[in-house]
Amino acid sequence: AQSVSQHNHHVILSEAASLELGCNYSYGGTVNLFWYVQYPGQHLQLLLKYFSGDPLVKGIKGFEAEFIKSKFSFNLRKPSVQWSDTAEYFCAVTGNNDMRFGAGTRLTVKP
Amino acid sequence: KAGVTQTPRYLIKTRGQQVTLSCSPISGHRSVSWYQQTPGQGLQFLFEYFSETQRNKGNFPGRFSGRQFSNSRSEMNVSTLELGDSALYLCASSLVAGHEVAFFGQGTRLTVV
């Protein structure tokens with residue numbers, strides 16, 4: 001069955017720490033990959049997406065993600081987090097006319 | 001450009017009732033998808049409409065239904081509400097079908113008592 005796994009449920013970091021959130025998927029065929037963010041009290045927003053081409057994708061607010069096809073992974077990274085990055089992050093995968101979201105990772109950044 | 005608008009924002013219903021939620025996509029977007037978000041199950045895909053036709057459906061019972069109008073606005077209906085239907089229902093719009101980049105609304109918080 002097609003699925004998306006986010007390994008970390010809750011991550012707590014101090015400001016300026018580096019961030020890496022894991023996302024693995026199990027899909028056959030061609031996939032499109034997304035990271036969405038939901039800030040407290042706000043709606044889901046697209047952080048970045050991968051359709052094809054350079055597997056290192058740069059998104060908004062200094063986030064980037066790397067698509068590693070051999071590992072079925074699309075991990076989200078940021079070199080130095082800020083308090084304002086506190087939010088819930090969702091990995092999503094589309095393929096075979098289906099879209100699945102990971103369970104989400106809650107990131108808390110301590111000032 | 002206005003974003004995705006969902007109404008109402010909050011709703012309280014009793015078990016057994018039915019409810020209709022509305023979603024107005026971004027102007028020019030023809031694809032509307034619906035999702036249910038709960039703490040236990042996370043984000044789950046309900047269905048997708050494109051040009052008034054349901055293209056895809058998630059693994060939800062027949063009590064969950066939807067439709068899309070010619071102006072791309074969509075409604076979602078849940079009949080015979082159960083306590084477990086309490087959730088945040090999110091609508092997302094895309095230019096085209098097939099889950100291209102989606103823009104989400106703020107959701108309708110449904111509480112079933």
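The numbers here are math on the coordinates, done by the rules we state, and not lab data. Since the structure is predicted, the reported quantities are computational estimates derived from the model, not experimental observations. Here Cβ is always computed from backbone atoms with ideal geometry, including for glycine, and neighbour counts include all displayed protein chains.
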Study note, to complete from the structure: Counting only backbone N atoms under 12 Å from a point 7 Å out along Cα-to-Cβ of A:T30, the residues of the range A:75-111 in range are A:95-97
Practice item. Compute the distance in nm between two label points, each set 7 Å from the Cα along the Cα-to-Cβ direction, one at B:R67 and one at B:Q54. Key: 1.2
Review point. For the protein assembly as shown, what does the equivalent ellipsoid look like in terms of its semi-axes, each the square root of 5 times an eigenvalue of the Cα gyration tensor, given largest first in whole Å?
Key: 29, 20, 16
Practice item. Report relative contact order for chain A in percent, whole number only (criteria: Cα-Cα under 8 Å, sequence separation at least 6). Key: 38
Check your understanding: Between B:S86 and B:Y10, what is the label-to-label distance in nm when each label sits 7 Å out along the Cα-to-Cβ direction?
Key -> 1.4
Check your understanding: Where the convex hull is taken over the Cα atoms of chain B, what is its projected area averaged over directions, in nm²?
Key -> 6.3
**Study point:** Cross-link reach list, lysines versus A:K71, counting only Cα pairs under 23 Å and skipping chain neighbours closer than eight places
**Key:** A:K49, A:K58
**Study point:** Cα Rg, Dmax, chain A, angstrom units
**Key:** 13.4, 42
Revision key, fill the gap. Taking a label point 7 Å from the Cα of A:H7 along Cα-to-Cβ, the residues of the range A:72-99 whose backbone nitrogen sits under 16 Å from it are A:72-78, A:91
